[in-house]
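Okay, structure first, notes after.
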Amino acid sequence: MSGNTERIAGYIGEAAGLTPTGVGGVTSADLESCDAIICGAPTWNTGADDLRSGTEIDDWLYDTLANANLKGKKVALFGTGDSAG
């Protein structure tokens, strides 16, 4: 919504020599083929019990990521949000 997650992903990508990719079109098989994964998500609170951010990552988290076998993978997560909203 604000672009903060994409901006931070860009900073991490530059520092790590990687190119950030949006979750749209990333499959469980794509994740399983990686040695390591860095995943960022907005932390907007829409008041919903699930699918809370109102962005495309909601469905991806519950459908794609939940079905991926990440055993043995190195995974780093980051969240972005705001302190006022």
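Odds and ends about this structure:
- Every residue from region 1-15 that is open to solvent by 80 Å² or more (accessible area, probe 1.4 Å) and in a loop (DSSP other than H, G, I, E, B): M1
- Comparison of G72, G47, G24 shows that the only residue that is closer than 19 Å to R7 by Cβ, loosely packed, with under 12 Cβ neighbours inside 10 Å and not hydrophobic (A, V, I, L, M, F, W, C) is G24.
- Any hit, region 16-26, residues being assigned to a helix (DSSP H, G or I), of a type in the set (A, V, I, L, M) and touching a Gly at 6+ places or on another chain (Cβ under 6 Å): no
- Residues of region 49-85 that are among the polar types (S, T, N, Q) and at pLDDT 80 or above: T64, N67, N69, T80.
The values are calculated or read from the model by the stated rules, or taken from the named source; none is laboratory data. Only a predicted model underlies this, so the values are computations on that prediction, with no experimental measurement involved. Neighbour counts run over all protein chains shown; Cβ positions are idealised from the backbone, glycine included. Note: accessible area is taken over every heavy atom of the protein model, side chains too, but ligands, DNA and RNA are not part of it. Shrake-Rupley method; radii C 1.70, N 1.55, O 1.52, S 1.80 Å.
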